[in-house]
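A short worksheet on the structure shown next.
The values are calculated or read from the model by the stated rules, or taken from the named source; none is laboratory data. As the structure is a prediction and not an experimental result, all values here were calculated from the model. All Cβ positions, glycine included, derive from the backbone under ideal geometry; neighbour counts span all protein chains shown. The protein model used for the area step is the full one, side chains on, heavy atoms only, and it has no ligands, DNA or RNA in it. Shrake-Rupley method; radii C 1.70, N 1.55, O 1.52, S 1.80 Å.
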Amino acid sequence: MEDKFISFQDYTFQYRAQSEPTLKHINLDIKKGERIVIIGASGSGKSTIAHSLNGLIPFSYPGESTGTLTICGKEVKTLSIFELSQYVGTVLQDTDGQFIGMTVLEDIAFSMENNCVPQDEMIQKTREEAVKVQILEKLDASPHQLSGGQKQRVSLAGILVNNVPILLFDEPLANLDPYAGKKSIELIDQIQKQTDTTVILIEHRLEDALHMGADRIILMEDGAIIADEPPSVLFASEKLKEAGIREPLYITALKYGGCMLEPSMKLEKIQDLLLEEEQKKQMRQWFFYRKKEKKEEEKQVILSVEDIHFGYTEEKENLSHISFTVKEGEMISIVGKNGAGKSTMAKLLCGFEKLEKGKICIRGRDIRGDTIKERAKQIGYVMQNPNQMISKPMVYEEVAMGLLIQKRPEEEIKKKVEEKLKICGIYQFRNWPISALSYGQKKRVTIASILVEEPDILILDEPTAGQDFRHYTEIMEFLKSLNEKGITVLMITHDMHLILEYTNRSLVFADGKLLADTTPAKLFGNLELIKKASLKETSLYELAKQCGLDGKDFIEWFIEYDKEMRNKWQRPLHTSKENL
């Protein structure tokens, strides 16, 4: 029975509203106590696998299924959603949608209260699970006021009180900074070892998901399983690349260096990687062939921030002594843990908050007296969630709205809107309802609506959050193309890949202070700074150490070489409905 703890046999599922099956002839057996990571591009069927396991299919998402799915020997079709919840506990990507109690204690205890567990036993069990997930000191707090990582721990504790044999995590890292994500994976690992629970992890951030290892990776494409292999076997092949999935950075670096990868090298985690002396020599040779640093042409300063101080209340300063300059045409990442002051800085630049002390200048002119409307002509701000910015039903109306408010001539509006829609690759959707667009397409609409104001500076909050590798690449190549047209781009982000691949400077915030203004290579070569910024050390640094190379210099070379390779092989961006 343990060989088929979970068993999909020729399982096919088609949502009621769709004309084609989303899952096609799935055959998959999962043993008790296994750790499984499921990956694939958006729309590959990952979430439908999860919904089939936890009962959201068919109880929330109706449709037709064929074949069989059994959990712990029981046919899922015969179980109610309550009965399924006794076998499968799910931690959602959006933990806020999972909370019921007013306090952490109430939320963890909710299911036991429903089962009429005696109060003393219920409180004791709640405290035990709170200790296990390291959230004991927050029992009296509101779950909605916790950090992303703490919210996840509360949801996990609420599941663990039921002693479920299967834990299902649906993109648990999507809303966490890298350091919090690392701690989350370590906690999942610890609980799995203590309880011998079967863990199924659905995640885009593969390298982060494998921080503590996995037994198998299930690679999905177009509703089918195209690979079911141990990580080392999968990494030694080209299957991830062919499926458009990002490989771990150290795997990419080894391939760039010309190393032939074999599963025996323990490729699953950088900490366990076994390199022979000949392979280390290859990596050193690749590194020593690096090009000398090119001198960049001196550019003019477009934005200067001088000794800014700001607090939302009189008791506490949220920002203090912040000073930096930005040059025309730069692409800069703004990094730091939640609450570090990144978004507050953006609000001050845009005029959403009133500056108390200090100076903000655009091309040498103090803009403290400018209104939000006046600043919008120079600084555009794009929120993380496009749905929070959109107010019109149609694409053209949304992009034209700012110009209509200014009562610009109709011909001028038409010309500017169509021009920006073309730049953003969504001109063909100009007469579409926004509700018919994908999330990524909506994001482009919001960017177009900002660009019609023709700002010199574009600020984006987490532009790639929750995107698979294909959509990540498309949105970032699009932003890169805008940058190459002369628009200065500032991005608030936790995405380590974005920082390394697309930016040349990083502003590091922590506790309301600007800790560093540095290059990505120097940032990821400084372990103390990484910790303060709530990032995590890159596997490139560990690989460099194993090969006897300087970590910072190696990261710098990887960034340069990787950009060169991506520019060489980058396909032109398409603007079909399937794309952003």
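Return the aspartates and glutamates within reach of Lys485: Cα separation strictly under 13 angstrom, same-chain partners fewer than 8 residues apart disregarded; answer none if there are no such residues.
Reachable aspartates and glutamates: Glu328, Glu330, Glu454, Asp456, Glu477.
After finding the eigenvalues of the alpha carbon gyration tensor for region 427-477, what semi-axes result from the square roots of 5 times each, listed largest first in whole Å?
Each semi-axis is √(5λ); the values are 18, 17, 9 Å.
Ratio of Rg to Rh for region 100-241, alpha carbon only, Kirkwood?
Computed over Cα atoms, the ratio is 1.03.
Using a 1.4 Å probe, what is the accessible area per residue for the chain, in Å²?
With the other protein chains kept in place, the chain gives 46 Å² per residue.
For region 66-178, state the semi-axes of the equivalent ellipsoid (square roots of 5 times the eigenvalues of the alpha-carbon gyration tensor), sorted largest first and rounded to whole angstrom.
Equivalent ellipsoid semi-axes, largest first: 25, 19, 11 Å.
In straight Cα distance, which aspartates and glutamates are under 15 Å from Lys182, not counting same-chain residues fewer than 8 positions off?
Cα-Cα hits under 15 Å: Glu171, Glu203, Glu207, Asp208, Asp495, Glu537.
Shape call for region 136-217 from the C-alpha gyration tensor, a ≥ b ≥ c root eigenvalues: rounded (a/c under 1.5), prolate (a/b greater than b/c) or oblate?
oblate
Express in whole angstrom the spacing between the alpha-carbon centres of region 56-122 and region 474-496.
Spelled out, the Cα-based centre of one part sits 41 Å from the other.
How big is D, in µm² s⁻¹, for region 350-412 by Stokes-Einstein at 37 °C and 0.692 mPa s if Rh is the Kirkwood radius over C-alpha pairs?
234
Number of Lys pairs in region 256-328 with C-alpha atoms less than 21 angstrom apart, excluding same-chain neighbours closer than eight positions?
Total qualifying Lys-Lys pairs in region 256-328 comes to 10.
Run through all the Cα pairs of region 9-137 and give the fraction in each 10 Å bin from 0, expressed as whole percent.
10, 34, 31, 19, 6, 0
Can you give the accessible area of Lys415, probe radius 1.4 Å, in Å² rounded to 10?
So the heavy atoms of Lys415 present about 150 Å² to solvent.
Using C-alpha positions alone, give me the convex hull volume of region 407-454 per residue in cubic angstrom.
Residue-normalised Cα hull volume stands at 79 Å³.
Jot down the radius of gyration and Dmax of region 356-462, Cα atoms only, both in angstrom.
14.6, 46
Among all lysine pairs in region 334-376 that are eight or more places apart or on different chains, how many have alpha carbons less than 21 angstrom apart?
So the count of such lysine pairs works out to 9.
Loop only per DSSP, at most 13 neighbouring Cβ atoms within 10 Å: give me the trypsin sites (Lys or Arg not before Pro) in region 32-67, ordered by residue number.
Filter output for region 32-67: empty list.
Binning at 10 Å from 0, report for the chain what percent of all alpha-carbon pair distances ends up in each bin.
It works out to 3, 15, 24, 26, 20, 9, 2, 0, in whole percents.
Straight-line reach only, C-alpha to C-alpha below 21 angstrom: list the lysines that Lys24 could link to, leaving out same-chain residues fewer than 8 apart.
Excluding near neighbours in sequence, the set is Lys4, Lys46, Lys77, Lys239.
For region 503-555, what are Rg and Dmax over the alpha carbons, in angstrom?
Spelled out, the Cα radius of gyration and Dmax of region 503-555 are 11.4, 38 Å.
In Å, what Kirkwood hydrodynamic radius results for region 201-250 from the alpha-carbon pair distances?
The Cα-based Kirkwood calculation yields 11.2 Å.
Quick one: Cα convex hull volume of region 406-518, Å³ per residue?
So the per-residue Cα hull volume is 141 Å³.
Whenever you get a sec, compute what percent of the accessible area on the chain sits on carbon and sulfur atoms (1.4 Å probe).
C and S fraction of accessible area: 49 percent.
When you count, for each residue, the other Cβ atoms within 10 Å and take the mean per peptide, how do 385-391, 453-459 rank with the highest first?
Put in order of decreasing packing, that is 453-459, 385-391.
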